[in-house]
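Okay, so here's the structure we're looking at.
Just so you know, all these numbers are worked out from the coordinates, no wet-lab data involved. The structure presented is a predicted model; accordingly, all values stated were derived computationally and were not measured. For neighbour counting, all protein chains shown are included, and Cβ atoms are generated from backbone atoms with ideal geometry for every residue, glycine included.
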């Protein structure tokens, strides 16, 4: 089974983003605490720059070159050992799982 990655991103409000994953799941994340360091400073200071987020190679990126680890965005850390475990925290839609 392929790795779960980000297929689409939509900025919501503040520093929240809605992620559509490659399995069809939709999750929202507040990434305020992940926007640290000089690469993210322009995004923290300018909401227009933050909203320019796109998806590239399965994760979120911004025009200034900033990006975030997809596992941290999807799982809040490394992915679980079982691929049948959907991401938690604000899962809006999850696929039908065979147990």
Chain lengthening between residue 61 and residue 48 when straightened (0.36 nm per residue, less Cα-Cα): 3.3 nm
Added length on full extension, which subtracts the Cα-Cα distance from 0.36 nm per residue, residue 23 to residue 10: 3.0 nm
Cα-only Debye scattering, the range 1-77: base-10 log of I(q)/I(0) at q = 0.17, 0.25 Å⁻¹: -0.58, -1.27
Ordering of 56-63, 4-11 by packing [mean C-beta count within 10 Å, highest first]: 4-11, 56-63
Relative contact order [Cα under 8 Å, 6+ residues apart], the range 6-93, whole percent: 29
Förster radius 30 Å - calculated FRET efficiency between residue 41 and residue 3 (Cβ-Cβ, nearest 0.05): 0.50
